[in-house]
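A.B. asks: I am attaching a structure below and will ask some questions about it afterwards.
Only the coordinates and a few stated rules stand behind these numbers; no lab work does. Nothing here was measured: the structure is a model prediction, and the numbers come from that model. Here the Cβ is made from the backbone with ideal geometry for all residues, glycine too, and neighbour counts use every protein chain on show.
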Amino acid sequence: MFTAEQKVQAQTITGQPKQQNFTKRFAKIWNKVLLDFTDNDVYLTAGINFSKQNIKAGGYNSAFNYDLSDYNKNVFKPGYYGGFTVDGKFKKKHAYSFVFSLNKIAAGTNYKDAGTLAPFIGSFSHFKADDQFFNLSMAAHYKKIIPITDTTKYKFYIIAGPSLDARLSGQSADNLVNNNYQRFMLKADIGLEFDNNSYYSLYLHYKQGLNSITKSPIRTNMNSVELGVKIKANDLF
């Protein structure tokens, strides 16, 4: 017969090899993954973004009425952002970049299903979209070189990949009543980049929203265009 203390000690001793084996296997896999990501360079990035949100209220009802002559602005409005990217190669041949940025969004608002109460008032909605907020954006891009110049100096890339935006700003007081907004936005990115001998890059990215940033029944898709520059951090510090 074993005492309770002896049983605990036996279980601890028996479990140690299993834990050690799992740790070794995980470390081996992780080190192998890291070995596939090479030639990494860190770039600082900054630029301007232009955003617009397309809104379908979908029968949403509230105690508020908004005259859309004041709020319906079907244009891409400018904001700004800054952050950093890690550019490298996967298995020494597939170019990639991981992007992290803080974005100030100022978005135009395009209401698709506005209501009317003629002849008293024109277009109106029970929902007023938040059009200014901060996002934390994370993206993973695959980069394919376009062989149209001397690629030993200048490179043109087409990029594509997903991005995930996490909203940092709180909702407006009117939207907070019904908690109308989602926290995360998933987007599909596509764009062009010009690399000047790895010293700096100029780029133009288009981001298409894949999910609604508002909760049902309201559907709001955010689209944006980014124009920016990234400079190798080693050249600045």
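A.B. asks: Could I get the Rg over Rh figure for region 128-175? Both from C-alpha atoms, Rh via Kirkwood, rounded to two places. Before the final figure, lay out the partial values.
C.D. replies: Working: Rg = 18.3 Å, Rh = 14.1 Å.
Checking Rg against Rh, the ratio lands at 1.30.
A.B. asks: Next question, about the same structure. From a point 7 Å beyond the Cα of HIS126 in the direction of its Cβ, which residues of region 43-82 have a backbone N at a distance under 18 Å?
C.D. replies: 55-68
A.B. asks: For the cross-link pairs LYS91/LYS153; LYS144/LYS215; LYS73/LYS207; LYS153/LYS187; LYS104/LYS144, which exceed 27 Å when the distance is taken from alpha carbon to alpha carbon?
C.D. replies: LYS144/LYS215; LYS153/LYS187; LYS104/LYS144
A.B. asks: Further, regarding this structure: Given region 134-232 reduced to its alpha-carbon atoms as identical point scatterers, what log10 I(q)/I(0) does the Debye formula return at q = 0.18, 0.23 Å⁻¹?
C.D. replies: -0.86, -1.17
A.B. asks: How far is it, in nm, from the label point at LEU236 to the one at LYS144 when both lie 7 Å from their Cα along the line to the Cβ?
C.D. replies: Reported label-point gap for LEU236 and LYS144 is 3.1 nm.
A.B. asks: Roughly what would the spin-label model give for LYS104 and ALA188, points 7 Å off Cα along C-beta, in nm?
C.D. replies: 3.2 nm
A.B. asks: At R0 = 45 Å, how high is the FRET efficiency between THR151 and VAL75 if r is their beta carbon distance? Nearest 0.05 is fine.
C.D. replies: Values: r = 38 Å, r/R0 = 0.84.
Taking R0 as 45 Å, the efficiency between THR151 and VAL75 is 0.75.
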